[in-house]
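Have a look at the structure below, then the notes.
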Amino acid sequence: MNIGEFWNIFEGAELVENRIILKDDLHKALQFALENYSFNLLKDITAVEKRDKSIDLTYHLYSVENDEDLLITINVWNEAESVIDLFKSAIADENEIYDMFGIKFIGNEYLKRLYMPESWEGFPLRKDYIQSDERLAWDDDNNV
Amino acid sequence: MTITTFKLNLGPQHPSTHGVLRLILELEGEKILSCEPDVGYLHRGMEKMAERMSYIQYLPLVDRIDYLAGFFYSELYCRIVEKALNIELSQRVKFIRVIMLELNRIASHLLWIGAFLMDLGAISPYFYAFREREMILRYFEKLTGQRMMYNYFVFGGIRRDIGYIEDIEEILKILPVKLNDYERIITENPIFISRTKGKGILTKYTALNYSITGVNLRASGISYDVRNTDYLYEGLKYKPVVLYSCDAWARYKARILEIRESVTLIKQVIEYLKSCSPTEQKPISPLNLKLPEGNYYGEIEAPRGMASCYVESVGEDRPYRLKWRTGSYYSVNLLRKLLVGNYLNDAIAIAGSLDIILPEVDK
């Protein structure tokens, strides 16, 4: 795919290895990829916590017609734009990321605690997540 | 007369929710107005556990992500490690893995056929399907020592060389005959047809929009199969099964055809295995295994849709982050849309036809 057009439209977008790293305008970029390049399958959204406690969200798009993959990454802190109006599968992905990382997706009204109970505190896949109940967890570093 | 709506809990103990799926349905009479899936009753924290364990410690756990198709997740996880360490598999090991995957796929589809028909109220096919599945599980037990959680694939190879090929040939001889029986009992059964034909229509657009993959997508007329580009299947003749009627019946028929397709795949592989010498590739030592810094991604065509694994390593003996993508999770999300407008008695047939398994959803 010619990502040249991405340069023009999204300011500050850069290509690292095989992924496009966006500064902003996530929703617009996904809409652009969907409408102009028929990337019509959102395989999944992966969240990775970085060392500075920000979160990298990677949107893995796929085009069934052209058999092509496209990765779009954006770095966020506590909030991100929801894309459920473009891809309904994002309801599932965003809900999982909310439950595990605590990121609020603006515009997604389905967000709730998914795997964890409603009353659960903390977000388990965060690196600084500490479980107070030591019967449930072990810690190699502190020999708990 | 005023019409009132009410909420109904379907599951988590309902037998046809296969364990622990809870659907909160809003009903008007028997008509479904909205559906909200509630999952998480089986959450084990697979992704968090990966960050706490060394690569080899995590390997036996991977089978438990989908206990009906454990080989697929084992293969996916081994594939990531092999990719990171640049390990080439020998052709023999690759084809042994193909045999295991395809036998596992058949076993998984057979269980689905039995369970689906039981959901619809037909008891006998359940026993027929389990009888044939039992042959495959017996073979797995003979070879790996386990009926369900195999732990047979290891990094850079397999735990021991394949044996008892005559058992597989026996299975391949019996299976097509039994499938003809199933088709006579089920496919042409007027009650079955009336309960599945035209029910739960999943259009191409909806399927893609909800990220549905695997058999369910191919039963909606889209020929997307990860096996086409999979390096394990190189050199094997394979034709993806694509059906166009988009309903629950198509999803049933697609699985029957997939089993037949798997049988032809295994036959080709056995031809090859007979002609090559039984030299075995030695697996790599898993002690002090560290992946080089970077991120690794792999995908595979599991029985319930495309599964993928993403590993980010910072050069330690454990992943910095590991993420699973499982097909069933998206099928559960699809129920929000697919059940609306249908009647309660069809809800079971439609949800059942998607082949949802809960350990895969909850991870």
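Each value in this text was obtained by applying a stated rule to the coordinates, not by laboratory testing. The model shown is predicted, which means the values in this text are computed figures rather than measured ones. Cβ placement follows ideal geometry from the backbone for every residue including glycine, while neighbour counts extend to all protein chains displayed.
Just checking, how many residues over segment A:89-110 are farther than 23 Å from residue B:321 by Cα and either of a type outside the set (D, E, K, R) or in contact with a Ser or Thr (Cβ under 8 Å, 6 or more places away or on another chain) (or both)? Let's see the steps before the verdict.
Going through segment A:89-110, the residues farther than 23 Å from residue B:321 by Cα turn out to be A:106-110.
Then drop every residue that is not either of a type outside the set (D, E, K, R) or in contact with a Ser or Thr (Cβ under 8 Å, 6 or more places away or on another chain) (or both), which leaves A:106-108, A:110.
Selection size over segment A:89-110: 4.
Of all residues in segment B:131-165 being hydrophobic (A, V, I, L, M, F, W, C) and either free of Cβ contacts under 8 Å to residues at least 60 places away in the same chain or on the phi > 0 side of the Ramachandran plot (or both), which is surrounded by the fewest Cβ atoms within 10 Å (Cβ to Cβ)?
Here is the first cut: in segment B:131-165, the residues hydrophobic (A, V, I, L, M, F, W, C) are B:135-137, B:140, B:143, B:148-149, B:153-155, B:158, B:162, B:165.
Filter once more, keeping what is either free of Cβ contacts under 8 Å to residues at least 60 places away in the same chain or on the phi > 0 side of the Ramachandran plot (or both): B:135-137, B:140, B:143.
Values: B:135: 19, B:136: 20, B:137: 17, B:140: 20, B:143: 23.
The qualifying residue surrounded by the fewest Cβ atoms within 10 Å (Cβ to Cβ) is B:137.
If the requirement is being surrounded by fewer than 18 Cβ atoms within 10 Å (Cβ to Cβ) and in contact (Cβ under 8 Å) with a residue 40 or more places away in the chain, which of these qualifies: B:246, B:276, B:309? Before the answer, list the steps.
Numbers: B:246 fails: surrounded by fewer than 18 Cβ atoms within 10 Å (Cβ to Cβ); B:309 fails: surrounded by fewer than 18 Cβ atoms within 10 Å (Cβ to Cβ).
Testing whether each residue is surrounded by fewer than 18 Cβ atoms within 10 Å (Cβ to Cβ) and in contact (Cβ under 8 Å) with a residue 40 or more places away in the chain leaves just B:276.
Could you name every one of the helices (runs of 4 or more DSSP H) located completely within segment B:273-363 that has at least 1 residues being within 14 Å of another protein chain (Cβ to nearest Cβ)?
In segment B:273-363, the matching helices (runs of 4 or more DSSP H) lie at B:327-338, B:358-362.
So which residues in segment A:55-73 are among the aliphatic types (A, V, I, L, M), more than 10 Å from every other protein chain (Cβ to nearest Cβ) and more than 10 Å from residue A:30 (Cβ to Cβ), if there are any at all?
A:55, A:57
Which residues, counting only those in segment A:97-117, are part of a loop (DSSP other than H, G, I, E, B), touching an Asp or Glu at 6+ places or on another chain (Cβ under 9 Å) and exposed (fewer than 15 other Cβ atoms within 10 Å of the Cβ)? Explain how you work it out, then say what you get.
Here is the first cut: in segment A:97-117, the residues part of a loop (DSSP other than H, G, I, E, B) are A:102-103, A:107-117.
Restricting the remaining residues to those that are touching an Asp or Glu at 6+ places or on another chain (Cβ under 9 Å) gives A:103, A:107-108, A:110-116.
Those that are part of a loop (DSSP other than H, G, I, E, B), touching an Asp or Glu at 6+ places or on another chain (Cβ under 9 Å) and exposed (fewer than 15 other Cβ atoms within 10 Å of the Cβ): A:107, A:112, A:113.
Would segment B:216-235 turn up any residue that is more than 19 Å from the chain's Cα centre (by Cα), away from chain A (no Cβ under 14 Å) and part of a loop (DSSP other than H, G, I, E, B)?
Yes: segment B:216-235 contains one or more residues that are more than 19 Å from the chain's Cα centre (by Cα), away from chain A (no Cβ under 14 Å) and part of a loop (DSSP other than H, G, I, E, B).
Taking segment B:171-212, which residues are of a type in the set (D, E, K, R) and either within 14 Å of chain A (Cβ to nearest Cβ) or within 30 Å of residue A:60 (Cβ to Cβ) (or both)?
If the condition is that a residue be of a type in the set (D, E, K, R) and either within 14 Å of chain A (Cβ to nearest Cβ) or within 30 Å of residue A:60 (Cβ to Cβ) (or both), then B:204 is the only one that fits.
Which one of these does residue B:284 not meet: (1) of a type in the set (A, V, I, L, M, F, W, C); (2) in contact with a Ser or Thr (Cβ under 6 Å, 6 or more places away or on another chain); (3) surrounded by fewer than 21 Cβ atoms within 10 Å (Cβ to Cβ)?
Only one criterion in (1) of a type in the set (A, V, I, L, M, F, W, C); (2) in contact with a Ser or Thr (Cβ under 6 Å, 6 or more places away or on another chain); (3) surrounded by fewer than 21 Cβ atoms within 10 Å (Cβ to Cβ) is unmet by residue B:284, namely (2).
So, of the residues in segment A:32-50 that are in contact with an Asp or Glu (Cβ under 7 Å, 6 or more places away or on another chain) and charged (D, E, K, R), which turns out to be nearest to the other protein chains (Cβ to nearest Cβ)?
So, considering only residues that are in contact with an Asp or Glu (Cβ under 7 Å, 6 or more places away or on another chain) and charged (D, E, K, R), the one nearest to the other protein chains (Cβ to nearest Cβ) is A:44.
Filter segment A:76-98 down to the residues that are within 17 Å of residue B:37 (Cα to Cα) and hydroxyl-bearing (Ser, Thr, Tyr), then identify the one that is farthest from the other protein chains (Cβ to nearest Cβ).
A:98
On the basis of being within 14 Å of chain A (Cβ to nearest Cβ) and either among the hydrophobic types (A, V, I, L, M, F, W, C) or in contact with an Asp or Glu (Cβ under 6 Å, 6 or more places away or on another chain) (or both), does residue B:46 make the cut?
In short, yes.
Table: residues versus (1) part of a loop (DSSP other than H, G, I, E, B); (2) free of Cβ contacts under 8 Å to residues at least 12 places away in the same chain; (3) under 23 Å from residue B:309 (Cβ atoms).
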| site | (1), (2), (3) |
| --- | --- |
| B:26 | no, no, no |
| B:34 | no, no, no |
| B:44 | yes, no, yes |
| B:77 | no, no, yes |
| B:83 | no, no, yes |
| B:96 | no, no, yes |
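Of all residues being surrounded by fewer than 20 Cβ atoms within 10 Å (Cβ to Cβ) and touching a residue at least 40 places away in the same chain (Cβ under 8 Å) in segment B:121-130, which is nearest to residue B:354 (Cα to Cα)? Just the residue, please.
Filtering segment B:121-130 for residues surrounded by fewer than 20 Cβ atoms within 10 Å (Cβ to Cβ) gives B:121-124, B:126-128, B:130.
Still in the running and touching a residue at least 40 places away in the same chain (Cβ under 8 Å): B:122, B:124, B:128.
Numbers: B:122: 18, B:124: 21, B:128: 21 Å.
Of everything passing the filter in segment B:121-130, B:122 is nearest to residue B:354 (Cα to Cα).
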